[in-house]
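J.: Attaching a single structure in structure tokens format; questions to follow.
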Amino acid sequence: MRITNQMVDNVSVYNLNTNKALLDDLNNQMSTRKKINDPTKDPVTAVSSLRYRGSLSEYTQYLGKNVTDAASWTDSTRAAIDTAKELMRSLKAEYTSASNGTNENTDRWTYYDNMVNVVNEYFSVGDTTNENRYLFSGARTGDSLTFSEKNFDDRFKAVTEGMSQAEIDANYPDKFTNTFKYAGITEEFDIEDIESYGFTARKEKTGADGAGGITDQEISSIETINTDDVNETKVQNVEAFRIRLAYEKLDESQTNVTYGYKYVDKDGKIQENTESTNVRVLVVKDKNGNDVDISADVNCNVHLITNDYEINQDSLDGKEVYLNTTTGNLIFGQSVQAKLSECLNSGNSISFEYNKSVWEERDAKPEHYFKCVDVGQGTDSSQAIGYNLYYDKDGKQQKSTGTDQEIYYNVGEGMQIRVNSKASDAFTLDARRDLNELRDALTAWDNAREKVARLKEMQDDTMKYGSDIQEKITYLLRAAEKETEYAKEKVDTMLSNGITRSGSYFDVVNLAGTEMGTSINRLNLIRNRLTEHQSTTTAQASDNENIDISTVAVEVNAATMSFSAALQVTGKISQQSLVNFL
């Protein structure tokens with residue numbers, strides 16, 4: 001076949017362009033330090049690069065944001081829990097010092113004040129924030145654990161807007177009453193919640209006449225009293241059982257309450273609803289949630305009282321249950337205790353609903369512990385609040401509780417870690433309830449001692465009180481001294497038990513700290529693993545995408561020499577033509 005000059009020139013130009021293209025590729029590699037700049041030239045490398053970059057993007061998100069935020073949350077939580085542990089140690093130390101038998105009642109009041117400060121600080125720790133988010137309020141990170149002065153001020157302003165002063169005085173005597181009104185606070189109980197309980201009362205007396213020893217009125221009218229009613233044999237320590245609710249100062253009118261509220265449904269739309277709470281009734285349910293009828297043994301329709309002296313002592317041997325709305329105690333006798341214990345030991349559950357409208361600053365908000373609805377802004381659906389309602393996975397409306405408030409962070413592909421401790425995990429309401437009872441016991445002891453001191457003064461004043469009255473004073477004095485003895489014994493018992501109970505509260509917060517420490521350790525392991533994976537993936541991505549400069553430099557020299565040689569050869573060949581041979 002005849003090879004023409006044109007053919008030689010075309011081939012030479014094609015080869016030169018190929019060499020130029022190679023030089024261009026090598027130049028781009030040297031300039032960008034990347035193997036490819038056009039995915040079509042190496043699809044395999046391009047696809048691998050996309051995969052590596054996707055993985056690195058995930059690692060950057062997890063390490064740079066999720067893990068960092070989770071670590072910030074857990075570290076802050078652990079620090080707060082450590083503080084709470086120290087406070088519980090201090091509380092136990094105060095109980096230990098206060099239980100010393102040589103202390104006067106004034107000394108014990110001092111210890112009581114110290115313990116109140118410790119417990120207030122304990123719950124203040126529960127209001128710790130991280131980046132303006134409350135750590136122990138579950139998913140309600142904008143809601144504090146305890147009531148603050150600002151909470152009451154804001155709510156009082158909201159509920160009284162547009163009211164006359166007369167209406168405000170009638171419905172809201174102060175900002176701590178009715179501004180936060182909770183309906184249907186539901187507590188569930190275990191066998192450990194049934195405790196022995198005793199109170200001093202006058203035998204065969206109820207109401208004011210059943211006061212623990214003698215009354216001030218009886219001392220004032222000593223000339224006319226009947227010593228058969230006030231002698232020391234009538235003063236007794238009534239033995240009973242109780243279930244202590246989480247709060248004192250409950251609504252005295254615990255009737256069925258119908259209230260309205262707004263809520264957001266599963267489609268995100270605001271809805272209105274009306275609901276009734278079945279308060280004053282002990283509810284027993286089996287393992288399947290069905291009602292269990294125990295009315296033959298227990299009168300589940302609870303009697304309301306405001307003072308233990310109102311209890312008919314004979315009924316404690318029967319099936320009656322009393323709710324002292326002042327102290328927040330469900331009180332009953334041995335037969336009821338036996339039946340309730342039987343129910344709980346059989347796997348049944350016992351719950352009780354109640355309403356509360358009187359609160360104090362630093363009280364823990366019930367929505368962080370129990371099912372309840374805040375209807376504090378009114379009793380119609382245009383004002384009430386239902387923010388603690390939610391829809392479950394089956395589309396059923398539920399009331400949220402502290403147990404529904406766990407926060408998880410995604411810290412890796414298919415990996416989640418819980419970063420929060422709930423209020424119910426670390427801050428037990430019993431710590432404050434113990435002090436409420438100690439306050440009442442110390443007050444009762446003071447009152448009894450004052451009566452003894454007053455009667456002794458009367459006994460010494462023989463000029464004013466003759467022999468006929470002195471005999472009555474002796475009867476009253478013995479009754480008052482017995483009352484004082486019972487009151488002192490109760491204080492001593494509470495302080496002694498407080499050592500053990502405060503130790504158990506330390507165990508609760510210590511367990512929360514241990515669980516948080518476990519989360520922190522797991523988070524550190526995940527962080528280390530993600531860091532290693534990130535380093536490995538970065539190296540693999542670099543090998544896949546980046547050039548070896550020394551290798552490419554050699555290739556550039558070789559390509560340059562090849563191109564130069566090709567130019568020389570092409571120049572020589574192109575100078576020859578057929579004319580040169582004719």
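The values are calculated or read from the model by the stated rules, or taken from the named source; none is laboratory data. Everything numeric in this text was worked out from a predicted model, so none of it was measured. Here the Cβ is made from the backbone with ideal geometry for all residues, glycine too, and neighbour counts use every protein chain on show.
J.: Condition first: at positive phi and either aromatic (Phe, Trp, Tyr) or modelled with pLDDT of 75 or more (or both). Now tell me which residues in the stretch 222-276 satisfy that.
T.: Listed by number, the list holds a single entry, Lys249.
J.: Does Thr83 count as within 30 Å of Ala431 (Cα to Cα), among the hydroxyl-bearing types (Ser, Thr, Tyr) and either modelled with pLDDT of 75 or more or loosely packed, with under 14 Cβ neighbours inside 10 Å (or both)?
T.: yes
J.: Which one is nearest to the chain's Cα centre (by Cα), of the residues in the stretch 120-139 that are among the aromatic types (Phe, Trp, Tyr) and over 18 Å from Tyr408 (Cα atoms)?
T.: Filtering first and then ranking leaves Phe123.
J.: Any residue in the stretch 88-115 that is farther than 20 Å from Thr443 by Cβ sitting within a Cβ distance under 9 Å of a residue that is not charged (D, E, K, R) and not in a helix (DSSP H, G or I)? List the pairs, counting only those 6 or more apart or interchain.
T.: Within 9 Å, the pairs are Ser97/Asn103.
J.: Still on this model: Applying the selection to the stretch 504-528, what residues are among the charged types (D, E, K, R) and either closer than 15 Å to Tyr122 by Cα or buried (at least 18 other Cβ atoms within 10 Å of the Cβ) (or both)?
T.: Within the stretch 504-528, Asp507, Arg527 qualify.
J.: Next up: Report yes if some residue within the stretch 39-58 is touching a strand residue (DSSP E or B) at 6+ places or on another chain (Cβ under 7 Å), surrounded by 13 or more Cβ atoms within 10 Å (Cβ to Cβ), at pLDDT below 95 and not polar (S, T, N, Q); otherwise report no.
T.: Checked against the condition, which is being touching a strand residue (DSSP E or B) at 6+ places or on another chain (Cβ under 7 Å), surrounded by 13 or more Cβ atoms within 10 Å (Cβ to Cβ), at pLDDT below 95 and not polar (S, T, N, Q), the stretch 39-58 yields no hits at all.
J.: Right, Glu481: closer than 30 Å to Tyr95 by Cα, at pLDDT 90 or above and either of a type in the set (A, V, I, L, M, F, W, C) or not in a strand (DSSP E or B) (or both) or not? Steps first, please.
T.: Values: closer than 30 Å to Tyr95 by Cα: yes; at pLDDT 90 or above: yes; either of a type in the set (A, V, I, L, M, F, W, C) or not in a strand (DSSP E or B) (or both): yes.
Yes.
J.: On to the next question. Are any residues in the stretch 193-238 over 30 Å from Arg501 (Cβ atoms), touching a helix residue (DSSP H, G or I) at 6+ places or on another chain (Cβ under 9 Å) and in a loop (DSSP other than H, G, I, E, B), and if so, which ones?
T.: Answer for the stretch 193-238, where residues must be over 30 Å from Arg501 (Cβ atoms), touching a helix residue (DSSP H, G or I) at 6+ places or on another chain (Cβ under 9 Å) and in a loop (DSSP other than H, G, I, E, B): Lys203, Glu204, Lys205, Thr206, Ile214, Thr215, Ile225, Asn231.
J.: Considering only the stretch 320-340, state which residues are surrounded by fewer than 18 Cβ atoms within 10 Å (Cβ to Cβ), more than 17 Å from Ser351 (Cβ to Cβ) and free of Cβ contacts under 8 Å to residues at least 60 places away in the same chain.
T.: Hits for the stretch 320-340 are Ser335, Ala338.
J.: Test Asn120 against the stated conditions and say whether it is of a type outside the set (Asp, Glu) and outside any helix (DSSP H, G or I).
T.: In short, no.
J.: Still on this structure, I have one more. Regarding the stretch 172-184, can at least one residue be identified that is in a helix (DSSP H, G or I) and exposed (fewer than 12 other Cβ atoms within 10 Å of the Cβ)?
T.: No, because not a single residue in the stretch 172-184 is in a helix (DSSP H, G or I) and exposed (fewer than 12 other Cβ atoms within 10 Å of the Cβ).
J.: What's the total number of residues in the stretch 123-161 that are among the hydroxyl-bearing types (Ser, Thr, Tyr), within 19 Å of Asp374 (Cβ to Cβ) and assigned to a loop (DSSP other than H, G, I, E, B)? Spell out how you get there, then give the answer.
T.: Narrowing the stretch 123-161 to residues among the hydroxyl-bearing types (Ser, Thr, Tyr): 124, 128-129, 134, 137, 141, 144, 146, 148, 160.
Now restrict to residues that are within 19 Å of Asp374 (Cβ to Cβ): 134, 137, 141, 144, 146, 148, 160.
From the residues that got through so far, the ones that are assigned to a loop (DSSP other than H, G, I, E, B) too are 137, 141, 144, 148, 160.
Total satisfying the criteria: 5.
J.: Only one of (1) over 30 Å from Glu515 (Cα atoms); (2) surrounded by fewer than 20 Cβ atoms within 10 Å (Cβ to Cβ); (3) out of contact with any Asp or Glu (no Cβ under 9 Å at 6 or more places or on another chain); (4) modelled with pLDDT under 95 fails for Arg108. Which number is that?
T.: So Arg108 meets the others, but not (2).
J.: So which residues in the stretch 128-149 are within 14 Å of Trp73 (Cα to Cα) and out of contact with any Gly (no Cβ under 6 Å at 6 or more places or on another chain), if there are any at all?
T.: Correct list: Thr128, Thr129, Asn130, Glu131, Asn132, Arg133, Tyr134, Leu135, Ser137, Gly138, Ala139, Thr141.
J.: Taking only the stretch 413-434 into account, find how many residues are over 30 Å from Leu63 (Cβ atoms), out of contact with any Gly (no Cβ under 9 Å at 6 or more places or on another chain) and crowded, with 18+ Cβ neighbours inside 10 Å.
T.: 4
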